Amino acid sequence: MKRAICLISGGIDSFVAASIAKKDGYEIYALTVDYGQRNRKEILSAKKICKFLKVKRHIITKIDLSWVNSALTDKRVRIPEKVKKGDIPVTYVPARNTIFISLALALAETLNADAIFIGVNSIDFSGYPDCRPLYIKKYQKLIDIATKKTIKGRKIVLKTPLLYMSKAAIIRKGLSLGLDLSITWSCYKSGKKPCGRCPSCIIRKRAFACLRAIP
């Protein structure tokens, strides 16, 4: 059976991306990164997602990015409720996807996996530079020259099935796959309920509203 390393954050995107991998016949090895994020609830959601998907193994690895200048890691930086279009918001975590994919790549080589799945998308992505198609293309080139071949003689492929999908389209895909999206957590804060005001909550609410508006 094909093997895939799926980066699971606890949100909708990673849930849907991993589900697509499973539907495509991959055996799922999930990787969640505890990087010192202020929002601890997403890790709990990641565990729920992995249980739902019945993954082969769920690895939670810790690294300390609490020193990074980001609203998601530094309590002194206020999480914004509005973001100007075109600006890179303070919720951007420098090099986060680069670090996460590198960790997944190490695991993929260790397990002789065929692919890495990550739920990045370039439509509703809050302006993060490491969610762009060019970034993914360049990273694949790095993988090609920086790693050994798999046992089957192929290079590890970086899969981004949601790259050109809007949040509403991603949610629609998740529902079509029979996913329980209520177990996901998108809010940048860790309250009992989502705050409803942070950029991630706003994108999520608008996407669900868009789906309800479709007859």
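The values are calculated or read from the model by the stated rules, or taken from the named source; none is laboratory data. Note that the structure is predicted; figures quoted are calculated from it, not measured. Please note: Cβ atoms are built from the backbone with ideal geometry, for glycine as well, and neighbour counts cover all protein chains shown.
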(message) If I filter segment 114-131 down to residues being small (Gly, Ala, Ser), crowded, with 17+ Cβ neighbours inside 10 Å and part of a loop (DSSP other than H, G, I, E, B), which single residue comes out as farthest from the chain's Cα centre (by Cα)?
(response) SER122
(request) Kindly establish whether PHE52 is over 19 Å from TYR128 (Cα atoms), in contact (Cβ under 8 Å) with a residue 24 or more places away in the chain and among the aromatic types (Phe, Trp, Tyr). (result) yes
(request) Answer yes or no: is there a residue in segment 161-183 that is polar (S, T, N, Q) and farther than 11 Å from ASP13 by Cα. (result) yes
(request) Could you grab me the full set of residues in segment 6-58 that are within 25 Å of ARG172 (Cβ to Cβ), in contact with a Leu (Cβ under 8 Å, 6 or more places away or on another chain) and of a type in the set (A, V, I, L, M, F, W, C)? (result) CYS6, LEU7, ILE8, ILE12, PHE15, VAL16, ALA17, ALA18, ILE20, ILE28, ALA30, PHE52
(request) Name the residue, out of LEU111, LEU134, LEU175, that is in contact with a Lys or Arg (Cβ under 7 Å, 6 or more places away or on another chain), surrounded by fewer than 17 Cβ atoms within 10 Å (Cβ to Cβ), over 24 Å from ARG40 (Cβ atoms) and not polar (S, T, N, Q). (result) LEU111
(message) Looking only at segment 168-215, filter to residues that are under 15 Å from the mean Cα position of the chain (by Cα) and not in a helix (DSSP H, G or I); which one of those is farthest from VAL77 (Cα to Cα)?
(response) THR184
(request) Scan (1) aromatic (Phe, Trp, Tyr); (2) crowded, with 19+ Cβ neighbours inside 10 Å; (3) over 17 Å from the mean Cα position of the chain (by Cα) for the single condition TRP67 breaks and write down its number. (result) (2)
(request) Give me a count of the residues in segment 78-105 that are surrounded by 14 or more Cβ atoms within 10 Å (Cβ to Cβ) and not hydroxyl-bearing (Ser, Thr, Tyr). (result) 15
(request) Kindly indicate whether any position in segment 14-26 is surrounded by fewer than 24 Cβ atoms within 10 Å (Cβ to Cβ), in contact with a strand residue (DSSP E or B) (Cβ under 8 Å, 6 or more places away or on another chain) and of a type in the set (S, T, N, Q). (result) no
(request) Please state which of the following conditions LYS75 fails to meet, knowing it meets all the rest: (1) more than 22 Å from GLN37 (Cα to Cα); (2) surrounded by fewer than 14 Cβ atoms within 10 Å (Cβ to Cβ); (3) in contact (Cβ under 8 Å) with a residue 12 or more places away in the chain. (result) (1)
(request) Scan segment 31-46 and report the pairs whose first residue is assigned to a helix (DSSP H, G or I) and whose second residue is surrounded by fewer than 20 Cβ atoms within 10 Å (Cβ to Cβ) and modelled with pLDDT of 95 or more, with Cβ atoms within less than 7 Å and a gap of 6+ or a chain change. (result) ILE43/ASP34; ILE43/ILE60; SER45/ILE183
